[in-house]
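Working notes, beginning with the structure itself.
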Amino acid sequence: MKLTLKIWRQKNTADKGGFVTYVADHVSKDMSFLEMLDVLNDQLTERGEDPVHFDHDCREGICGMCSLYINGKPHGPLQTTTCQLHMRSFSDGETITIEPWRAKAFPVVKDLVVNRSAFDRIIQAGGYVSVNTGGVPDANEIPISKTIADLAMDAAQCIGCGACVAACKNASAMLFTSAKISQLALLPQGQVERKSRAENMVAQMDEEGFGACTNTGACEAECPKGISITNIARMNREYFSAVVSSDNM
Amino acid sequence: MTWVTKTLNSTLGRKLIMALTGLFLILFLTGHVSGNMLLFKGDGGQAFNMYAKFMTTNPAVKLLSYLTYISVLGHIIYSIALSQHNKSARPVPYSTSNGSSNSAWSSRNMGVLGTIILIFLVVHLQGFWAQMHWGEVPMITYEGEEYKNLFLIVSEAFKQEWLVALYVLSMIFLGFHLSHGFTSAFQTLGINHKKYSPAIKAIGTAYSILVPALFASMPVYIYFSSY
């Protein structure tokens, strides 16, 4: 395959940045998208140019590190992570536009790498549970129904990649925050901090400068882990019931 | 900042206000369309004129109308605040964006649709509501009691093709606005459940087609019956 790549290049956060066009020859349709970029970077390095910076880690679709806004969609045309996207999803001679996630709360570090620490701060605000010290508790000590366990696990599948923010026309982090609130609110272990968690995580989400939700459902459609917007409805319930009944003024 | 203002200033709180005012306006539209069906009665406007007098004089209706004004204002003010906040959340736009692949057009353009509806609302209120309240409306007597002949104003207005076209077009935009707004309001209120959501979705779709269609049929009916 021969592809034309329109890639966003930006030296650092302060730089204005712009698109640079590259031609990728000899691309195999069996390559993953990141491998295709690896080959491009090898060529750039050989030519003495600065390789394209992009985030990646496990390349197994489980860590949430890879990103990229490919042809107007986060993680490209399939509902998967970019590392699990293969070049067979594109056609020979195609022009592919690659941009970083765009959000005020996700500043560009370099090229296609964005700083997603805002998500870490949302987690720090309440995405944890109180645990007793001492010996390891027995498995299944706390009974949890299958339905609830499944719902919690569905929410816990979120890998925090930020595709929801990237897909949202408002750069809203509601799908991420709601998944993190839900996975703990559903379980008995999460009850201790239940109210303050909803209040604090929503407050932190707002403070980071993410947008509000318009319920377009774009986040759910693009989420590589299929997190449902029913979690956003749950977050709204959690938040409103927390603010009217908690002791936090 | 108290907990109330803090909550209402949060993104979720602002959305709550959008949802509650939106749902109240949906209730208003239901009442408005039901009452205006009297235009089809074919009694020269008697029932409609009597209804119009009731709607402008009854104290309970007055209270509801104030709530409607507040809802309209709240819905507009908060939509502007939210739109600005949302715009600022993505200062650098994408060069290529494929929104149609993951969301409905109406859901991405609620602000545009709302602005068009607002422009329509100004024309609509100026034409009828303001006339009824402060304009010079000819009087008509039924069974010894005097009524403002709003029906005459309405029938005269809808003899103009451009106004009929404006009304029909605006109702199409209203339909798209409702098609997203109806279900979206319930989602914001946290009502997303497999027992209720299919019904909410179905009712929302039916509502967003039926109500604007009924509204649009009124000027069309009057236009053609004036021949």
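The values are calculated or read from the model by the stated rules, or taken from the named source; none is laboratory data. This is a predicted model, so every value here is computed, not measured. Here the Cβ positions follow ideal geometry from the backbone for every residue, glycine too, while neighbour counts run over all protein chains shown.
Which numbered condition trips up A:Gly226, out of (1) more than 16 Å from the chain's Cα centre (by Cα); (2) surrounded by fewer than 20 Cβ atoms within 10 Å (Cβ to Cβ); (3) not β-branched (Val, Ile, Thr)?
(1)
Select from segment B:143-176 the residues that are surrounded by 14 or more Cβ atoms within 10 Å (Cβ to Cβ), more than 14 Å from chain A (Cβ to nearest Cβ) and of a type in the set (Phe, Trp, Tyr) and write down the one among them that is nearest to B:Lys201 (Cα to Cα).
So the residue we want is B:Phe173.
Quick grid of which residues meet (1) within 22 Å of the chain's Cα centre (by Cα); (2) in contact (Cβ under 8 Å) with a residue 24 or more places away in the chain:
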site	(1), (2)
A:Arg194	no, yes
A:Asn215	yes, no
A:Ala218	yes, yes
A:Glu222	yes, yes
A:Ile232	yes, yes
A:Met235	yes, yes
A:Val244	no, no
A:Asn248	no, yes
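With the structure loaded, tell me whether A:Ala173 is in contact with a helix residue (DSSP H, G or I) (Cβ under 6 Å, 6 or more places away or on another chain), buried (at least 24 other Cβ atoms within 10 Å of the Cβ) and more than 30 Å from B:Val92 (Cβ to Cβ) or whether it fails that test.
Against the criterion (in contact with a helix residue (DSSP H, G or I) (Cβ under 6 Å, 6 or more places away or on another chain), buried (at least 24 other Cβ atoms within 10 Å of the Cβ) and more than 30 Å from B:Val92 (Cβ to Cβ)), A:Ala173 does not qualify.
With the condition kept exactly as written, say whether any residue in segment A:205-226 is more than 27 Å from B:Lys201 (Cα to Cα) and touching an Asp or Glu at 6+ places or on another chain (Cβ under 6 Å).
Looking through segment A:205-226, none of the residues is more than 27 Å from B:Lys201 (Cα to Cα) and touching an Asp or Glu at 6+ places or on another chain (Cβ under 6 Å).
Condition first: part of a helix (DSSP H, G or I) and either within 30 Å of B:Leu39 (Cβ to Cβ) or within 14 Å of chain A (Cβ to nearest Cβ) (or both). Now tell me which residues in segment B:187-202 satisfy that.
B:Gln187, B:Thr188, B:Ser197, B:Pro198, B:Ile200, B:Lys201, B:Ala202
Could you identify the single residue in B:Leu169, B:Leu152, B:Leu163 that is farther than 30 Å from A:Ala221 by Cβ, part of a helix (DSSP H, G or I) and without any contact (Cβ under 8 Å) to a residue 12 or more places away in the chain?
B:Leu169
If you go through segment A:1-15 one residue at a time, how many are in a loop (DSSP other than H, G, I, E, B) and within 15 Å of A:Val109 (Cβ to Cβ)?
The total comes to 6.
Could you run through segment A:152-165 and say how many residues are more than 14 Å from chain B (Cβ to nearest Cβ) and over 10 Å from the mean Cα position of the chain (by Cα)?
Qualifying residue count for the region: 4.
Working only within segment A:204-219, note down all residues that are of a type outside the set (Val, Ile, Thr) and within 7 Å of chain B (Cβ to nearest Cβ).
Residues satisfying the conditions are A:Asp206, A:Gly209, A:Phe210, A:Gly211, A:Ala212, A:Cys213, A:Asn215, A:Gly217, A:Ala218.
Residues to consider are A:Ser32, A:Ser89; find the one that is modelled with pLDDT of 95 or more, within 14 Å of chain B (Cβ to nearest Cβ) and within 28 Å of A:Gly217 (Cβ to Cβ).
That would be A:Ser89, the only listed residue that is modelled with pLDDT of 95 or more, within 14 Å of chain B (Cβ to nearest Cβ) and within 28 Å of A:Gly217 (Cβ to Cβ).
Can you tell me how many residues within segment B:15-66 are surrounded by 15 or more Cβ atoms within 10 Å (Cβ to Cβ) and within 30 Å of A:Ile232 (Cα to Cα)?
Of the residues in that region, 14 qualify.
In segment A:155-249, which helices (runs of 4 or more DSSP H) lie fully inside it and hold 2 or more residues that are closer than 21 Å to A:Gln79 by Cα and among the β-branched types (Val, Ile, Thr)?
Answer list for segment A:155-249: A:230-245.
Could you count how many residues in segment A:166-196 are away from chain B (no Cβ under 14 Å) and among the basic types (Lys, Arg)?
Residues flagged as away from chain B (no Cβ under 14 Å) and among the basic types (Lys, Arg) within segment A:166-196 amount to 2.
From the list A:Asp38, A:Asp55, which one is more than 14 Å from every other protein chain (Cβ to nearest Cβ), outside any helix (DSSP H, G or I) and within 29 Å of A:Ala171 (Cα to Cα)?
A:Asp55
Output the helices (runs of 4 or more DSSP H) that fall wholly within segment B:32-131 and possess 3 or more residues being at pLDDT 95 or above and within 14 Å of chain A (Cβ to nearest Cβ), or say none.
In segment B:32-131, B:59-88, B:105-108, B:110-124 are the helices (runs of 4 or more DSSP H) which contain 3 or more residues that are at pLDDT 95 or above and within 14 Å of chain A (Cβ to nearest Cβ).
Within the bounds of segment A:125-139, is there any residue that is more than 13 Å from chain B (Cβ to nearest Cβ), crowded, with 17+ Cβ neighbours inside 10 Å and part of a loop (DSSP other than H, G, I, E, B)?
Yes, segment A:125-139 contains a residue that is more than 13 Å from chain B (Cβ to nearest Cβ), crowded, with 17+ Cβ neighbours inside 10 Å and part of a loop (DSSP other than H, G, I, E, B).
Hey, among B:Ser184, B:Ser179, B:Ser208, B:Ser217, which residue is away from chain A (no Cβ under 14 Å), buried (at least 20 other Cβ atoms within 10 Å of the Cβ) and small (Gly, Ala, Ser)?
On inspection, the qualifying residue turns out to be B:Ser208.
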